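The values are calculated or read from the model by the stated rules, or taken from the named source; none is laboratory data. All figures in this text were calculated on a predicted structure; none of them were measured in a lab. Quick reminder, even Gly has a Cβ in these numbers, built from the backbone with ideal geometry, and neighbours come from all protein chains shown.
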There are 2 protein chains.
Amino acid sequence: MNIREFQDMMHRIYFQRDSQRGKTGTYNWLKEEIEELSEALKENDQKALENEFADVLAWLASLANVVAVDLETAAISKYDSKCPRCRKVPCKCLFSK
Amino acid sequence: MNIREFQDMMHRIYFQRDSQRGKTGTYNWLKEEIEELSEALKENDQKALENEFADVLAWLASLANVVAVDLETAAISKYDSKCPRCRKVPCKCLFSK
């Protein structure tokens, strides 16, 4: 499934609700899912972990819909098969994250 | 671009570094990008906003690589073209987010 197809799916399912809630409320739910992901990372339940990753991606796509960002275009524009900073694969950045 | 293709791209570019850093450190960088996204949402710069969305997706995929989660499978398994809770499109959940 394309990143765009997934974002479109979130649009069909949730945009009515997401757009009414707005960007701040939707961002806050994304942040909550990030916290839940943190908890899942400490546990030993791979299925629960997958569930949280799915939720973070879903809320990221939902937020992207609210602020009219195309996730796929944004991601490909920046990452274009190599590190955007050092331009290498694998990344050879010094003093990096 | 498939979600999986993007995750594979992050693997080629960053896994060497991500795996050495580990899941906690990689999660912390994801969390930092979420904070940067929050700041970008307050501004009026669509390109900067797209940049932050790209970074969040990249770090989510990087973290998924570190903990061996397939983002695409996780997302499709849960969201399967309808709200996983009420099973409707659009979502008709009551007392929901």
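The figures follow:
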read-out: Unmet criterion (only one of (1) more than 7 Å from chain A (Cβ to nearest Cβ); (2) within 24 Å of A:ARG87 (Cα to Cα); (3) out of contact with any Pro (no Cβ under 9 Å at 6 or more places or on another chain)) for B:ALA68; value: (2)
read-out: Residue in segment A:24-41 that is touching a Cys at 6+ places or on another chain (Cβ under 9 Å) and either at the interface with chain B (Cβ under 7 Å from one of its Cβ atoms) or among the acidic types (Asp, Glu) (or both) present; value: no
read-out: Failed item, numbered, when A:TRP59 is tested on (1) at pLDDT 95 or above; (2) of a type outside the set (Val, Ile, Thr); (3) surrounded by fewer than 18 Cβ atoms within 10 Å (Cβ to Cβ); value: (3)
read-out: Residue in segment B:68-79 that is within 18 Å of A:THR26 (Cα to Cα) and out of contact with any strand residue (DSSP E or B) (no Cβ under 7 Å at 6 or more places or on another chain) present; value: yes
read-out: Residue under evaluation A:ASP70, criteria (1) surrounded by 15 or more Cβ atoms within 10 Å (Cβ to Cβ); (2) without any contact (Cβ under 8 Å) to a residue 60 or more places away in the chain; (3) within 17 Å of the chain's Cα centre (by Cα), criterion not met; value: (2)
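Table: residues versus (1) touching a residue at least 24 places away in the same chain (Cβ under 8 Å); (2) hydroxyl-bearing (Ser, Thr, Tyr); (3) not in a helix (DSSP H, G or I).
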{"position": "A:GLU32", "(1), (2), (3)": "no, no, no"}
{"position": "A:ALA64", "(1), (2), (3)": "yes, no, no"}
{"position": "A:ALA75", "(1), (2), (3)": "yes, no, no"}
{"position": "A:LYS78", "(1), (2), (3)": "no, no, no"}
{"position": "A:CYS86", "(1), (2), (3)": "no, no, yes"}
{"position": "A:CYS91", "(1), (2), (3)": "no, no, yes"}
{"position": "A:LEU94", "(1), (2), (3)": "no, no, yes"}
